[in-house]
Amino acid sequence: PGDKKIIVVFVLGGPGSGKGTQCTRIVENFGFTHLSAGDLLRAEIKSGSENGTMISNMIKEGKIVPSEVTINLLQKAMLESGNDKFLIDGFPRNEENRAAFENVTKIEPEFVLFFDCPEEEMEQRLLSRNQGRDDDNIQTIRKRFRVFVESSLPVVEYYDMKGKVQKVDALKPIDEVFESVKAIFAPLNR
Ligand code: UP5
Ligand code: MG
């Protein structure tokens with residue numbers, strides 16, 4: 001124990017592209033632990049932590065929480081899971097997130113799973129999700145899209161230059177998207 005290689009896959013894509021939905025399927029089929037950075041931040045707000053108010057305000061504005069906060073939560077969750085295979089969903093969201101994660105953990109992703117979806121479709125999905133998320137209103141959604149294009153897509157481009165991006169058409173129905181996802185993960189099991 002302790003010397004086994006940790007496998008990390010970053011799962012990226014715009015707000016509402018289906019990251020969480022597909023991660024649930026991947027967990028069921030390939031034995032990964034799913035860590036959604038957004039879910040961890042929302043849990044941190046609920047726990048009443050001293051960072052809660054700051055995190056909550058940033059999420060309502062669609063802004064990116066300082067990386068030390070997010071990385072701490074991710075590292076804690078990785079340790080607590082006891083697993084060595086992780087889907088890190090919705091992180092890294094900007095260049096600083098990416099560099100800080102590499103520096104702190106010394107982990108490089110196995111690959112980046114990128115869900116490519118048009119904004120009109122993502123907007124419809126978010127507006128009809130109805131799970132009471134504070135950021136699923138049209139004003140915040142517009143801000144999330146802007147931050148995604150300006151800050152998060154450059155991270156995808158960075159990994160694309162390194163030949164590490166596996167791009168999936170996320171506009172298709174959930175089952176069809178998962179067929180594409182399965183084909184990407186199947187070779188890992190050999
Ligand atoms: N749905 C899914 N797939 C579908 C399909 N193929 N066809 C039709 N419908 C489909 O899906 C969204 C909705 O669409 C659901 O109703 C689903 O049934 C349906 P979901 O799987 O939830 O999409 P996902 O990509 O996970 O959308 P999410 O809203 O979670 O993405 P975000 O990236 O916006 O949210 P996240 O939780 O990652 O981050 C929220 C905020 O936290 C950020 O804006 C930011 O402020 C903060 N944050 C940070 O600061 N740092 C971080 O590292 C992470 C988050
Ligand atoms: Mg999600």
Notebook entry, point to check: What's the number of the condition Met78 fails, among (1) within 26 Å of Ile141 (Cβ to Cβ); (2) surrounded by 15 or more Cβ atoms within 10 Å (Cβ to Cβ)?
Noted result: (1)
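Pull up region 81-91, narrow it to residues that are in contact (Cβ under 8 Å) with a residue 60 or more places away in the chain and assigned to a loop (DSSP other than H, G, I, E, B), then point me to the one that is surrounded by the fewest Cβ atoms within 10 Å (Cβ to Cβ).
First pass over region 81-91, keeping only residues in contact (Cβ under 8 Å) with a residue 60 or more places away in the chain: 84-91.
Add one more test, that the residue is assigned to a loop (DSSP other than H, G, I, E, B), and what stays is 84, 90-91.
Details: Asp84: 15, Gly90: 22, Phe91: 27.
Restricting to residues being in contact (Cβ under 8 Å) with a residue 60 or more places away in the chain and assigned to a loop (DSSP other than H, G, I, E, B), the top hit is Asp84.
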Notebook entry, point to check: Name the residues in region 140-159 that are over 20 Å from Ile59 (Cβ atoms), surrounded by 14 or more Cβ atoms within 10 Å (Cβ to Cβ) and not aromatic (Phe, Trp, Tyr), would you?
Noted result: Val156
Checklist line | Matching residues, region 1-40, being within 18 Å of Glu108 (Cβ to Cβ), of a type in the set (A, V, I, L, M) and either surrounded by fewer than 17 Cβ atoms within 10 Å (Cβ to Cβ) or more than 13 Å from ligand 2 (Cβ to nearest atom) (or both) | finding: Ile6, Ile7, Val8, Val9
Notebook entry, point to check: Consider Val104 against the criteria (1) hydrophobic (A, V, I, L, M, F, W, C); (2) surrounded by 16 or more Cβ atoms within 10 Å (Cβ to Cβ); (3) in contact with a helix residue (DSSP H, G or I) (Cβ under 7 Å, 6 or more places away or on another chain): it satisfies all of them except one. Which criterion is unmet?
Noted result: (2)
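Quick check on Leu74: is it part of a helix (DSSP H, G or I) and of a type outside the set (Ser, Thr, Tyr)? Show your work before the answer.
Working: part of a helix (DSSP H, G or I): yes; of a type outside the set (Ser, Thr, Tyr): yes.
Spelling it out, Leu74 is indeed part of a helix (DSSP H, G or I) and of a type outside the set (Ser, Thr, Tyr).
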Item checked: Residues that are more than 10 Å from ligand 1 (Cβ to nearest atom) and either closer than 30 Å to Val181 by Cα or among the hydrophobic types (A, V, I, L, M, F, W, C) (or both), drawn from region 46-67 -> Met54
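For (1) closer than 16 Å to Arg93 by Cα; (2) of a type in the set (A, V, I, L, M, F, W, C); (3) within 13 Å of ligand 1 (Cβ to nearest atom); (4) outside any helix (DSSP H, G or I), each residue gets a yes or a no:
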{"residue": "Lys5", "(1), (2), (3), (4)": "no, no, no, yes"}
{"residue": "Leu12", "(1), (2), (3), (4)": "yes, yes, yes, yes"}
{"residue": "Pro15", "(1), (2), (3), (4)": "yes, no, yes, yes"}
{"residue": "Cys23", "(1), (2), (3), (4)": "no, yes, yes, no"}
Notebook entry, point to check: Would region 42-61 turn up any residue that is at pLDDT 95 or above and within 11 Å of ligand 2 (Cβ to nearest atom)?
Noted result: yes
Next item on the list: Restricting attention to region 41-60, report how many residues are surrounded by 14 or more Cβ atoms within 10 Å (Cβ to Cβ) and not in a helix (DSSP H, G or I).
Entry: 2
Checklist line | Count of region 161-190 residues which are within 19 Å of the chain's Cα centre (by Cα) and in contact (Cβ under 8 Å) with a residue 40 or more places away in the chain | finding: 15
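Could you tell me whether Phe178 is within 16 Å of ligand 1 (Cβ to nearest atom), in a helix (DSSP H, G or I), over 30 Å from Met54 (Cα atoms) and not β-branched (Val, Ile, Thr)?
Values: within 16 Å of ligand 1 (Cβ to nearest atom): yes; in a helix (DSSP H, G or I): yes; over 30 Å from Met54 (Cα atoms): yes; not β-branched (Val, Ile, Thr): yes.
Considered against the rule, which asks whether it is within 16 Å of ligand 1 (Cβ to nearest atom), in a helix (DSSP H, G or I), over 30 Å from Met54 (Cα atoms) and not β-branched (Val, Ile, Thr), Phe178 comes out as yes.
Among the listed residues Asp136, Asp160, which satisfies the condition of being under 28 Å from Glu179 (Cβ atoms) and not in a helix (DSSP H, G or I)? Please lay out each step first, then the result.
Numbers: Asp160 fails: not in a helix (DSSP H, G or I).
Selected residue: Asp136, the only one of Asp136, Asp160 that is under 28 Å from Glu179 (Cβ atoms) and not in a helix (DSSP H, G or I).
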Notebook entry, point to check: Considering only residues of region 68-94 that are of a type in the set (D, E, K, R) and within 13 Å of ligand 1 (Cβ to nearest atom), which is farthest from Ala186 (Cα to Cα)?
Noted result: Glu68
Note to self: For region 112-133: of the residues being assigned to a loop (DSSP other than H, G, I, E, B) and at pLDDT 95 or above, which is nearest to Ile55 (Cα to Cα)?
What the structure shows: Arg133
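The values are calculated or read from the model by the stated rules, or taken from the named source; none is laboratory data. Predicted model, so just to flag it, every value in this text is computed and none were measured. Neighbour counts run over all protein chains shown; Cβ positions are idealised from the backbone, glycine included.
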